[in-house]
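Below you'll find the structure, written out as structure tokens, and then a few comments.
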Amino acid sequence: MEKALKEKIRFFLNQVVPVPEDDWILFDQRLRYKTYAKGELLLRNGEIENYMYFMVDGVTRIFHFTDDIEYTLRFNFPISVFNSYASYISRSPSLVSVEALTDLKVFRMSYTDMQSLYEESRFGERIGRRMIELLYVQREMKEIQIHSKTAEDYYCELLKTNDALVQQIPQKYLASYLGITPESLSRIKRKVMSENCE
């Protein structure tokens, strides 16, 4: 089973940057398969992020807790790469937490393994850089969408790309992510059900 799941990761990476066989072998040797149960924290605020995660099944959310309020910053769906990249890069305590919203199947690579990959393979360094770039792009796109789209537009966009998985996300987290109240999200859901997303 792990081999089939790894092939999904390989296909994903090849869409980002083609990976020669020798470099894939070095990359593959450092991937570790892990499952998480729904509700489990992969990372807690204040811990240092030690892994780059490659999602093959499930949904996670990245959130920040301040002034007794949780702010959902991002959801991660298959097939994607995620972590607390600020902590991962700077080796400083994370300002965010990462929670499994469903049971998860992931591959992860430790920071130490990623650094050794850089040393063994010039191409490995390119892969690592592209993973960080992807994380940065995700963040920037979210920032742009917050200011250029309505909550309804963004909700519809989520449904179009991840409908079945979005249905598994608790409403309070979706509302937090969209920057609206749960009541406003209920109104949007009713409107979408009656009119459908264009």
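Which is in a loop (DSSP other than H, G, I, E, B) and under 30 Å from Val16 (Cβ atoms), of Cys197, Cys156? Walk me through how you get there before you give the answer.
Details: Cys156 fails: in a loop (DSSP other than H, G, I, E, B).
Result: Cys197 is the single residue among Cys197, Cys156 that is in a loop (DSSP other than H, G, I, E, B) and under 30 Å from Val16 (Cβ atoms).
I need the full set of residues from the range 11-23 which are surrounded by 13 or more Cβ atoms within 10 Å (Cβ to Cβ) and under 24 Å from Gln138 (Cα atoms), in order please. Break it down into steps so the answer makes sense when it comes.
Taking the range 11-23 as the starting set, the residues that turn out to be surrounded by 13 or more Cβ atoms within 10 Å (Cβ to Cβ) are 12-13, 16-17, 19, 23.
Within the range 11-23, Phe12, Leu13, Val16, Val17, Val19 meet the criteria.
Filter the range 160-173 down to the residues that are modelled with pLDDT of 90 or more and touching a Phe, Trp or Tyr at 6+ places or on another chain (Cβ under 9 Å) and list them by number. Within the range 160-173, Ile169, Tyr173 qualify. What about Leu135, is it touching a His at 6+ places or on another chain (Cβ under 8 Å) and closer than 19 Å to Ile48 by Cβ? For Leu135, the condition - touching a His at 6+ places or on another chain (Cβ under 8 Å) and closer than 19 Å to Ile48 by Cβ - is not met.
Scanning the range 75-100 for residues that are crowded, with 21+ Cβ neighbours inside 10 Å and part of a loop (DSSP other than H, G, I, E, B) yields Asn83, Ser84, Ser94, Val96. Of all residue pairs spaced 6 or more apart or on separate chains, none has beta-carbon atoms under 7 Å together with a first member in the range 177-198 that is in the same structural domain as Asp153 (by TED's automatic domain parsing) and more than 11 Å from Cys156 (Cα to Cα) and a second member that is among the aromatic types (Phe, Trp, Tyr) and surrounded by fewer than 14 Cβ atoms within 10 Å (Cβ to Cβ). Scanning the range 53-74 for residues that are closer than 16 Å to Tyr36 by Cα and either of a type outside the set (D, E, K, R) or buried (at least 22 other Cβ atoms within 10 Å of the Cβ) (or both) gives Tyr53, Phe54, Met55, Val56, Gly58, Val59, Thr60, Arg61, Ile62.
The values are calculated or read from the model by the stated rules, or taken from the named source; none is laboratory data. Every value quoted in this text rests on a predicted model; they were computed, and no experiment measured them. Reconstructed Cβ throughout: ideal geometry from the backbone, glycine too, with neighbour counts over all protein chains shown.
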